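The values are calculated or read from the model by the stated rules, or taken from the named source; none is laboratory data. These figures come from a predicted structure and were not determined experimentally. Positions of Cβ are generated from backbone atoms using ideal geometry, with glycine treated the same way; all protein chains shown enter the neighbour counts.
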């Protein structure tokens, strides 16, 4: 998740405005038709950036690609969603998933906006969070996102198009697709996009081996047999899925992949897994029992202290080479195959109850 980038970009913008006098530049903000435009006039260039006016009660807004101000034309090339308003802690990178979003932090625009249209040449940045009435996101020109296609808790959103030019990710990397709690949405991938495809409204790599984003509102979810990798945050924030079944084809699971799933109570892991990244289940408080398959050699932890409610953890491997269990609930009982793993758990800072239960 990349909220930090929005913070940095926003911070850079305002710091830039603050120090403009040092570079012989002028800046101004202009609000029109529900949109606030930040305009910068350098000696050699004039440019603008757009964002929603938080006090606007308009149901439809149009993001212009050019603004006239005091007799001068300012090209507008970017639009930022107001994701920073949802930060619980402005110093946090949002790296642990949707649990850090304060969904109560809405404004008039969030309650009113139904349709937003972008003029040709506009690139969208940041995340659209908790727009209660938002139905349509329209690009008059080429669909363009800077580094993330992200919509969260927009219950009436109808369609999101993944553009043909959208870049190549590495499981997630800097090109993220994060569309959650949007039960009405249909995700469409341009057929010419060389990196993504959509199957049953979930986003996969072009060859289907990587599962990037799960939008499903089903109660039970079975990962498809051709999936080899589950990307970072793939399920994070889903609030309908209660159980997940993972085929043995899955070899890796990315960071925070199953975090902040409010109803997840059961998950069957792949027997092929050798490593679990940090925070895989962070914030999924109804998940109380978990079995780690025998091939698991590393678990990077980040259980989150009170953010986990594990009562029973079964570890079938005979050797954990690396792990972090210090913040696993002390109320959790861990069952292991031998004393070696018990010693390893102590080494990895778990202070709770450990039971050695050899396989019969």
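Inspect segment 230-239 for any residue being farther than 21 Å from residue 349 by Cβ and surrounded by fewer than 23 Cβ atoms within 10 Å (Cβ to Cβ) and give the result as yes or no. Yes: segment 230-239 contains one or more residues that are farther than 21 Å from residue 349 by Cβ and surrounded by fewer than 23 Cβ atoms within 10 Å (Cβ to Cβ).
The condition (being out of contact with any helix residue (DSSP H, G or I) (no Cβ under 6 Å at 6 or more places or on another chain), without any contact (Cβ under 8 Å) to a residue 60 or more places away in the chain and under 14 Å from residue 335 (Cα atoms)) is satisfied by just one residue among 269, 290: 290. Would you check if there is a residue in segment 105-119 being at pLDDT below 90, within 20 Å of residue 180 (Cα to Cα) and within 16 Å of the chain's Cα centre (by Cα)? No: zero hits. Scanning segment 247-262 turns up no residue that is touching a strand residue (DSSP E or B) at 6+ places or on another chain (Cβ under 9 Å), more than 21 Å from residue 233 (Cβ to Cβ) and modelled with pLDDT of 95 or more.
If you go through segment 328-337 one residue at a time, do you hit one that is outside any loop (DSSP other than H, G, I, E, B), free of Cβ contacts under 8 Å to residues at least 12 places away in the same chain and farther than 25 Å from residue 239 by Cβ? So far as segment 328-337 goes, no, none of its residues is outside any loop (DSSP other than H, G, I, E, B), free of Cβ contacts under 8 Å to residues at least 12 places away in the same chain and farther than 25 Å from residue 239 by Cβ. Here residue 208 meets the list (1) crowded, with 22+ Cβ neighbours inside 10 Å; (2) on the phi > 0 side of the Ramachandran plot almost entirely, failing just condition (1). The condition of being surrounded by 12 or more Cβ atoms within 10 Å (Cβ to Cβ) and at pLDDT below 95 holds for only one of 70, 9, 15, 58, that being 9.
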